[in-house]
1. Using each residue's phi in segment B:188-194, evaluate 6.51 cos²θ - 1.76 cosθ + 1.60 at θ = phi - 60° and report the 3J(HN,Hα) Karplus result to the nearest Hz, with x for Gly and Pro.
2. When the accessible area of each residue in segment A:109-125 is compared between its chain alone and the complete protein assembly (1.4 Å probe; ligands, DNA and RNA ignored), which residues differ by at least 40 Å², being lower in the assembly?
3. All other residues with a Cβ under 14 Å from the Cβ of A:R184 taken together, and with Lys, Arg as +1 and Asp, Glu as -1, what is their net charge?
4. Step through the residues of segment B:258-275 one at a time and calculate ³J(HN,Hα) from phi using the Karplus curve (6.51 cos²θ - 1.76 cosθ + 1.60, θ = phi - 60°), rounding each to whole Hz and writing x for Gly and Pro.
5. Suppose each label sits 7 Å from its Cα in the direction of the beta carbon; what would the A:R184-B:E169 distance come out to in nanometres?
6. Give, ordered by residue number, each residue of segment A:151-185 whose 1.4 Å probe accessible area is reduced by a minimum of 40 Å² on adding the remaining protein chains to the chain alone.
7. Round to a whole angstrom and tell me the spacing of the C-alpha centers of segment B:211-270 and segment A:63-105.
8. What whole-number distance in Å separates the alpha-carbon centres of segment B:69-118 and segment A:106-184?
Amino acid sequence: MSFALRAVREATPPLRVAQSSVRYARKDAGPDPRVEHIRRALYPGNIRNKETPIGSWRPNVGGRLQRAIPSVQAHETIERAWFLHQRHVRKRREAELERKHRFMVRAMEVLHELDPKLYKQANQEEDPRVRRPEEIELAKTLKAPEKRALESRIRGLFPRELRVPTDTPPRSGWNYDWKPPFPRV
Amino acid sequence: MWSRNALACCSKQSRAACAQLRSRTLATVTDAAGPSSAPTSTPKASPSRSSKASIQAAVVLNRSPIITRTPNPLERAYYAYQSRIQRALFNPFPDEFYFRPGSILEGQFNAEEKQREKLAFGGPSVKEKPIQTLVDSDDQVGKQQQQPMPRIHEADIKGDVRSLDRQMERNLYLLVHGKDSAGKDVWRFPQGGVEEGQALHQAAERDLYAECGEDMDTWVVSRKPIGVMEPSSASASSPQAYVFFYKAHILAGQATPNGKTVKDLAWLTKEEIESRVDQQYWASVKDMLSDS
């Protein structure tokens with residue numbers, strides 16, 4: 001290694017990273033220590049030689065880490081096992097998607113052979129801005145909240161009601177009592 | 001300067017190398033999984049262009065998972081390990097900033113913290129935080145934390161296949177008990193014919209509402225079909241019906257049988273569908289469904 005690099009590597013990190021004057025500006029706190037707490041929370045100290053009240057730097061990290069992990073080799077083995085597991089999960093997911101895609105491509109091929117007009121219709125791109133004449137006619141007969149419901153469902157874009165899975169289910173459960181707000185077009 | 005041929009050669013080589021690399025990758029679960037994931041080796045004969053070929057549209061109505069997948073033991077162990085490391089390394093919590101010294105909330109927080117440390121590190125190696133004895137009676141105790149809902153619904157325990165709250169981790173598909181094109185009573189996906197001048201996806205949606213009622217908030221994902229069931233060449237009936245399947249999601253509501261073509265409904269996972277459906281139908285349909 002070159003001398004310059006070695007010098008950079010062996011240099012000890014500075015004990016004081018930067019001077020922050022607000023940290024040390026001690027107006028009299030008086031009987032109320034809350035102002036002092038707020039200042040310390042907002043402007044943590046940079047001196048790295050003791051445990052500060054708000055703990056911007058932990059000196060006993062080495063000891064705590066030794067208690068947390070069994071050894072360097074064990075940690076690396078665990079990480080490798082995790083990445084291998086993630087790889088398995090990913091490959092399974094990709095294989096499933098690829099199988100579905102192949103089936104879809106086959107369906108489109110069959111449709112092309114059977115009915116070119118339907119095939120062409122299936123391949124048309126949806127323009128989310130376009131409104132069909134039946135929808136415009138229907139919108140004229142609807143009240144305001146129903147019109148909003150009609151306009152919120154945009155063709156070609158996924159609906160807002162598609163729920164993201166959570167760790168626990170919703171309290172109300174599944175909505176079995178849904179009724180269409182407007183007659184279907 | 002690069003000639004176009006040289007560039008094409010380079011990209012082809014890298015592509016070939018990539019393909020080779022992909023085939024020589026680490027052993028994966030899918031290699032060991034077996035025939036279910038292997039590509040089908042059936043000969044892909046083009047369908048006969050008989051004018052009698054009728055087209056039907058069907059809908060695979062899917063209820064997406066409501067809750068996240070349950071982590072397996074490896075994942076649970078890894079998450080516990082990582083949270084222990086994070087607990088070792090994170091900055092100590094500034095509780096003088098967040099809690100009044102000696103308040104009930106602070107005592108509660110300290111007790112919970114001790115519990116969490118013990119859980120993570122498993123031992124009396126926790127640095128005791130000094131809890132002041134004076135207690136402020138005007139402090140409000142924190143609002144009772146509501147317990148989250150359980151991940152298993154009573155429909156799971158009862159095995160009620162008509163319920164949409166069953167098997168919340170899995171994808172559920174709507175299966176319908178009714179007459180198929182041959183007139184037999186079978187379990188199948190909702191299906192129907194295509195009218196003139198109508199696009200396939202619109203026909204599919206209309207057939208779904210005709211068979212299962214209108215009280216469902218559904219969304220058909222795409223104009224393109226996700227699969228096709230080709231009629232077997234050995235079938236006795238002469239009209240050859242090609243069934244094109246469309247994927248839809250149910251967002252709210254419940255399906256109701258119309259009583260005429262459809263007598264019963266069930267919301268089933270992929271394995272349960274396999275047990276209820278004919279062998280030939282299953283072979284055509286299984287590649288569209290999600291394993292999880």
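The values are calculated or read from the model by the stated rules, or taken from the named source; none is laboratory data. Predicted, not measured: the structure shown is a model, and the values here were computed from it. Cβ: placed from backbone, ideal geometry, glycine included. Neighbour counts: every protein chain shown. The area values use the complete protein model at the heavy-atom level, side chains included, leaving out ligands, DNA and RNA. Shrake-Rupley method; radii C 1.70, N 1.55, O 1.52, S 1.80 Å.
1. Those phi angles translate into 8, 7, x, 9, x, x, 10 Hz.
2. Output list: A:V110, A:L111, A:E113, A:L114, A:L118, A:Q121, A:A122.
3. -4
4. 8, x, 8, 8, 10, 9, 8, 10, 8, 9, 10, 7, 4, 5, 5, 5, 4, 6
5. It is 3.4 nm.
6. The answer is A:R153, A:L162, A:P165, A:D167, A:T168, A:P169, A:R171, A:W174, A:Y176, A:W178, A:R184 - residues whose exposure falls by at least 40 Å² when every protein chain is included.
7. Between the Cα centres of segment B:211-270 and segment A:63-105 lies a distance of 37 Å.
8. 45
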